[in-house]
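In what follows, a structure is listed as structure tokens, so that the remarks can point back to it.
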Amino acid sequence: MAKLECDFCGAPDTSDNPIISGDNACICKSCVNAAHEIMVGNQVSEEGSETSSITREHFEIKTPAQLKDILDDYVIGQNRAKKVLSVAVYNHYKRIFRKDELEDDVEINKSNVLLIGPTGSGKTLLAQTIAKYLDVPLAIADATSLTEAGYVGDDVENVVTRLIQAADGDIQRAETGIIFIDEVDKVARMSENRSITRDVSGEGVQQALLKIIEGSVVNVPPKGGRKHPGQDAIQVDTTNILFICGGAFDGLEEIVKKKKGGNVLGFNQEKKSKDNNGIIADVEAHDLVKYGLIPELIGRLHMIATLNEISEDDMVHILTEPKNALIKQYIKLFQMDNVTLEFEEDALRQIAKLAIERKTGARGLRSILEDVMLDIMYDLPEYKDKTVTITQDVVSKKNEPKIA
């Protein structure tokens, strides 16, 4: 009797890989398992709508007040921006998951958000915190790396690819995620007048963003990179993706000041940063057009929230109060070596002053602390069962820490 072979892969009949023979064909165990996986995978994708509806039933829509409470635990100050973002997120997910509760023909459009504030004021942290506690995928992209399709750089659609990756390849989950586009002010055109030349990383990017921000079905490359003919593409509907754009918008306050008839020239510019917080809060859509954003893009970023420059008091609170505050992190690191770490109030103030002088915002606090704590951390195992106290002179590098 001739030895059986699989008609699909040619494998011989063995005890580990037995072959099932029929009237006209033979198939081995490996090919049966492979066929089963393919069929089950297709069934899952075809029934994706059912999976999505189950997710919707279990999605807890937090109220704006609950969302703001979550943000308060991690972001100091910026109450107005927190309220704007909380309301936008609440309305967005209520629109997705509760749209069938009322039977009428009214369609609710989504409200995307524009966050305006100086570097280190908490724009990215706000988006990260919201996404983490809603348990939705978040993709963060830098607008400066994006270019118009066909030019060197990242296609705008690549931000959607990153969201799919953040959702572990689950398209349905990605379609209800959040995309945060930072440095959006860096793609502003240089003037209000349209240029006759190609502006591939400025106005061109803004034009390319319009389609995905408003909501449409886009074809994205599964692994990112450039799209090219013949390449397999994934279709993603961006209608229910919340877009949050952020930027420092340096110089925007001068545009607002001119509009209000204020003097933007002169010698007394030392206190301008203190006054800018109030001025920037009055920003309107046409001020952003003057800055260089195209009207069509501003029209799709319906809610504008401004973040204040962080004060010295806020810096001290950022160091000590949030759940993941830097001082709490260092205290925990010291506790792992059975060492008690303490900071004097003057030391915290000095760290805050240094961060303000460097104009790096809250993100500059870590680099200052790393520098201050380097030598202490190097000798940390020797301080077991002792208390290390950081004084102002330690921060200023005029003295050693107190060891008791």
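In region 85-110, what residues are surrounded by 13 or more Cβ atoms within 10 Å (Cβ to Cβ) and either among the β-branched types (V, I, T) or within 16 Å of I213 (Cβ to Cβ) (or both)? Matches in region 85-110: V87, A88, V89, H92, R95, I96, K110.
Return yes when Y330 is of a type in the set (F, W, Y), more than 30 Å from N308 (Cα to Cα) and outside the structural domain of D69 (by TED's automatic domain parsing) and no when it is not. When the stated conditions are applied, Y330 does not pass them.
Going by the structure shown, is G361 over 26 Å from the mean Cα position of the chain (by Cα) and either at positive phi or modelled with pLDDT under 90 (or both)? So G361 does not fit the description; no.
Looking only at region 341-363, how many residues end up being touching a helix residue (DSSP H, G or I) at 6+ places or on another chain (Cβ under 6 Å) and either without any contact (Cβ under 8 Å) to a residue 24 or more places away in the chain or outside the structural domain of Y330 (by TED's automatic domain parsing) (or both)? The qualifying residues number 1.
Candidates are the residues of region 1-34 that are part of a strand (DSSP E or B) and not charged (D, E, K, R); the one that is surrounded by the fewest Cβ atoms within 10 Å (Cβ to Cβ) is P12. One residue alone among I304, I331 is modelled with pLDDT of 90 or more and out of contact with any helix residue (DSSP H, G or I) (no Cβ under 9 Å at 6 or more places or on another chain), and that residue is I331.
Within region 364-404, the residues that satisfy the criterion of being assigned to a strand (DSSP E or B) and either assigned by TED's automatic domain parsing to the domain that holds I76 or more than 30 Å from V75 (Cα to Cα) (or both) are K402, I403.
The residue list L125, L115, L67 contains one member that is surrounded by 22 or more Cβ atoms within 10 Å (Cβ to Cβ) and within 21 Å of D185 (Cβ to Cβ), which is L115.
Yes/no matrix, rows are residues, columns are (1) aromatic (F, W, Y); (2) over 13 Å from G120 (Cα atoms); (3) in contact with a strand residue (DSSP E or B) (Cβ under 9 Å, 6 or more places away or on another chain); (4) assigned to a loop (DSSP other than H, G, I, E, B):
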| residue | (1), (2), (3), (4) |
| --- | --- |
| D314 | no, no, no, no |
| P322 | no, yes, no, yes |
| Q329 | no, yes, no, no |
| F334 | yes, yes, yes, no |
| N338 | no, yes, no, yes |
| E342 | no, yes, yes, no |
| A347 | no, yes, yes, no |
| A355 | no, no, no, no |
| A362 | no, no, no, no |
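The values are calculated or read from the model by the stated rules, or taken from the named source; none is laboratory data. These numbers come from a predicted model, not from an experiment. Virtual Cβ from ideal backbone geometry, glycine too; neighbours counted across all protein chains shown.
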